[in-house]
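Rule-based calculations on the coordinates, nothing more; no lab input. Please read these numbers as outputs of a predicted model, since none were measured by experiment. Here the Cβ is made from the backbone with ideal geometry for all residues, glycine too, and neighbour counts use every protein chain on show.
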Amino acid sequence: SEESLVLIKPDGVARNLTGEILSRIEAKGYQLVDIKLIEPERSLLAAHYAEHEGKPFYEPLLEFMESGPIVAIRIAGNRVIEGFRSLAGTTDPTTAAPGTIRGDLGRDWGLKVQQNLVHGSDSPESAQRELAIWFG
Ligand code: GTP
Ligand code: MG
């Protein structure tokens with residue numbers, strides 16, 4: 001089966017939504033392979049978000065990701081990459097569909113960066129790259 005990297009971003013951890021988000025992953029039937037609470041170095045975040053370097057939201061995004069602990073999770077299952085993206089909902093939490101993590105639990109707080117609770121790898125190549133960054 002396939003693996004993906006999920007992050008519960010600092011807003012999700014700070015709002016005590018870790019259990020709720022893990023419940024949704026488990027209820028869907030995906031397997032938790034590895035999990036840790038981490039406050040990553042900037043270099044790790046820069047590697048993770050390399051594709052966004054130079055964009056206007058890049059610096060605020062890294063500052064947001066440094067603002068508190070993150071839960072990093074290795075999950076597995078058939079078609080888990082697209083499956084978790086579907087569970088998460090679209091990037092903007094205000095318009096993410098109800099029933100999704102972002103749609104049910106997230107909204108625009110008027111901050112500089114979309115605080116959208118979770119990250120999920122978006123392709124098999126991204127998943128392999130990101131799992132190596134976060135889990136070595
Ligand atoms: P991730 O699962 O976190 O990668 O989200 P995504 O794949 O839905 O979005 P993407 O990879 O394009 O962007 C990464 C993160 O940068 C997003 O989750 C947002 O927090 C932030 N972001 C992306 N696009 C924008 C934008 O246009 N404006 C702002 N303010 N933030 C953005
Ligand atoms: Mg992305």
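Fully extending the segment from A50 to T94, taken as 0.36 nm per residue of separation minus the present Cα-Cα distance, adds 13.3 nm.
State, as an integer percentage, the relative contact order of the stretch 33-115 based on alpha-carbon contacts under 8 Å between residues 6 or more apart. Value for the stretch 33-115: 27 percent.
When both the stretch 59-87 and the stretch 108-136 are represented by their alpha-carbon centers, they are found 4 Å apart. A P(r) calculated from all alpha carbon pairs of the stretch 84-136, with 10 Å bins opening at zero, reads 26, 40, 29, 4 percent.
Could you compute the longest span of the chain free of GluC sites (Glu not before Pro) located in DSSP loops and having at most 14 other Cβ atoms within 10 Å, not counting the site residues?
67-136
Provide, for the chain, the number of lysine pairs with alpha carbons under 21 Å apart, each pair being eight or more places apart or on different chains.
For the chain, the number of qualifying lysine pairs is 6.
For the chain, modelled as a GNM whose springs connect Cα atoms under 10 angstrom apart, the maximal fluctuation among K28, K55, K36 occurs at K55. Here the Gaussian network model covers the chain, with springs between Cα atoms less than 10 Å apart; of A88, A47, A96, A47 fluctuates the most.
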